[in-house]
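Where a number appears in this text, it was derived from the coordinates with a stated rule and is not lab data. Just so it is clear, the model here is predicted, and its values are computed rather than measured. When we count neighbours, we look across all protein chains shown, and the Cβ atoms used for this are built from the backbone with ideal geometry, even at glycine.
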Amino acid sequence: MLKKIKIFIISSFLLIFASIMLITSVLIIKGYRDLPNIDKLVEQYDPIIPTIIYDINGDIIDKLSRENRDVAKIEEVPLHLQNAFLAIEDRKFRHHYGFDFKRMVSGTVIRIATFRRMQGGSTITQQLAKNAFLSHERKIMRKVKEALITIEIERKYTKNEIIEKYLNEIYFGDGSYGIKTAAKHYLNKNLSDVTLGEAALLAGIPNRPEKYSPFKNLENSIKRQQLILRQMLKFGFITNEEYEIAKKETINVAKVKEINYKAPDFTSIIADKIFKMYTEKEIYEGGLKIYTTLDLRMQEAAKEAFINADYIKKYPKLEGALITIDAENGYVKAIIGGRDFKRGNFNRAIMSKRQPGSSFKPFIYYSALDLGYQMNVVVEDSPLKIDSWEPKNFDNKNLNNMTMLEGIEKSQNIVAIKILKKTIIKNAINVAKKAGIDSDIQYDLTIALGSISISPFELATSYVPFANGGYRVKPIFIRKIEDRYGKTIYSEKIEKEKIFDSNKVALITHMLKNVVLYGSGRRAYAGIEQAGKTGTTNNSTNAWFSGYTPEYVTTIYLGYDNNESIQYGTGGGVAAPIWGDYTKRLIQKKIISQKPFEYYEDGLKNKSLVYKTIDLDNGLLSDETTTVKRKALFSSEKIPVEKSGKYKKGLDSFFKDEEPNSNNKSESESTIDDFLNNFFNNQ
């Protein structure tokens, strides 16, 4: 009888053992089939790394990620910090081959005896297998896969490589992954500066981040820290002396920081661009490095000038935008999308389509210069009626005869309209299109008053050829993109095209320099070589200043989103002061130099351009009879030779209005036509 019982027990045991082995074999085979090639899976493992966006000086602007993770090399992690994790998570790590069977059995027995789920049975290698390659579902199959991957990890990597990957993979709460991120987040320290006491604190967090976060529960965090220090002493990771010092150490936890994006106006644009180029997985996990054109120093100066502007502070609903472009290479260096801009907001710098007002006039005047007209041409600033349209100057006043130079200085609408009519609308549109305006431009005389709708970005782009001597340059936001290994996978080439004659650009630049020195843009003056034009639309709904130095073009726009009028708001009174303040800040930071416009100086040096002082009343060379004079710039082929005094007695009759002719031209139109024809016939 006993023999039969003994045989039964042995048979049952063998049957159970065989069944277990069979089930285990089946699970292992299924695990291998369900997993991709384990060898490749482990070999190709890389931790999730966010995309980092850099400015032009290599400073970090922002990160694009679902989580916050900075990867550390094992050489960066002090030994006492590594040992703190080993003491609490896997003290035999350096000696086992992926599994601590004694600990696993002990954990299983306790779980069965107490009917409670116990943590702590997994080795660091097992934890890495689970965290890096598997979901966190609690199924037998997942444990089988974990074991298979653990074996492969131990086969493929050294212990140092495993602990490095583990320390970069674990979660510390508050969106922080990896030991390097955690040290900065909770202690505001680099890894090399973490003390023994702080190391024990950090090592205690991953077990239950919500419970042991020093931000949320410092008392719990310190209790676990003390436990880890005792474990380190018990297992020989530290000496008694080190333990006594560390347990009394005062832990200075970092202050909880509010997320403060350095340039959301810019990174929103970058994000839109790269999400069209790469998948979400590549962006959020692939560790891309985006090297942009933004200069954080200029961005900071732009933001300070913008938020400190009188009108911005006085009227809390007043909005606006600013954009700066490098005239040499098209790099976008600074951008303000609106006051208190947040990621995802409407970016007024590139999205807002507004009428530019008189800031469009330089294209009208350049069209005239391109046709051979000189800035001393006199135009009659008199009432004008074209069919039912009766345009007015901004102040509703007419100043009679004035040169083109004075006309743009004072931003007289009538003068611009007459010049546009004389030089043919099509020519002015072609100039604007060549310069970079892609928006529709209607074929009528109202464009002389800036009746089109464009964005600040578009206007700034179209001023670039004025700044660099006639080259259209493609705007660039991203210089290059590297993958996580430093290989360049995308680069943006500078695209420049010569579209305007440099000497003629020098002429318009001279006129726009005078706008800043003597005209409507005086409040933008920053004491350096600069040029620009103000713009104000009907009822002061939009106020602009678009200006440039030899290095940069900056356009500023202000206005209400609902098209409400800006109280007492003009481009010269509202936008120009911001431009001036911004530029002065750049000068103080030594970002803008005080060099002249090279193409302008080249024309003077080779004598293809010549300075002459003219009488603003008649456009002729000034003499002792001149009351208001101005230095003008001329093409050497069209230098005026007659002096002002010659016409002092008879000039008035020359400009008197005539009767309307048979073509039904208005009096003012006849005068400008006759005068311009006579003027150029005499050149």
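What's the ranking of 276-282, 519-525, 458-464 by average number of surrounding C-beta atoms within 10 Å, highest first?
Packing proxy ranking, top to bottom: 458-464, 519-525, 276-282.
Would you please give the FRET efficiency between LEU517 and LYS92, computed as 1/(1 + (r/R0)^6) with r the Cβ-Cβ distance and R0 = 60 Å, to the nearest 0.05?
Efficiency computed from Cβ-Cβ geometry: 0.15.
Select from the range 363-445 those chymotrypsin sites (Phe, Trp or Tyr not before Pro) which occupy a DSSP coil region and have at most 13 other Cβ atoms within 10 Å, ordered by residue number.
Listed in order of number, the matching sites are TYR443.
Would you please give the residues with an amide H less than 5 Å from that of GLY320, counting only those at least 5 places away or on a separate chain, with H modeled from the backbone geometry?
Amide H neighbours of GLY320, under 5 Å, 5+ apart: ARG339, GLY559.
Counting only residues 5 or more places away or on other chains, whose amide H sits under 5 Å from the amide H of ILE61 once H atoms are built in the peptide plane?
ILE53, TYR54, ASP55
Short version: ³J(HN,Hα) in whole Hz for each residue of the range 150-166, in order, from phi by Karplus 6.51 cos²θ - 1.76 cosθ + 1.60 (θ = phi - 60°), x for Gly and Pro, what are they?
Each residue's phi maps through the Karplus curve to give 4, 4, 5, 4, 5, 6, 8, 10, 6, 4, 5, 5, 5, 5, 4, 5, 4 Hz.
Please list, in order along the range 377-385, the HN-Hα scalar couplings obtained from phi with the Karplus expression 6.51 cos²θ - 1.76 cosθ + 1.60 (θ = phi - 60°), rounded to whole Hz, x for Gly and Pro.
Once θ is set to phi - 60°, the couplings for the range 377-385 become 4, 8, 10, 7, 8, 10, x, 9, 9 Hz.
Taking 0.36 nm per residue of separation and subtracting the Cα-Cα distance, what length does fully extending PHE346 through LYS629 add?
97.2 nm
Ranking request for peptides 427-436, 542-551, 414-423: highest mean number of other beta-carbon atoms within 10 Å first, then the rest in descending order.
542-551, 414-423, 427-436
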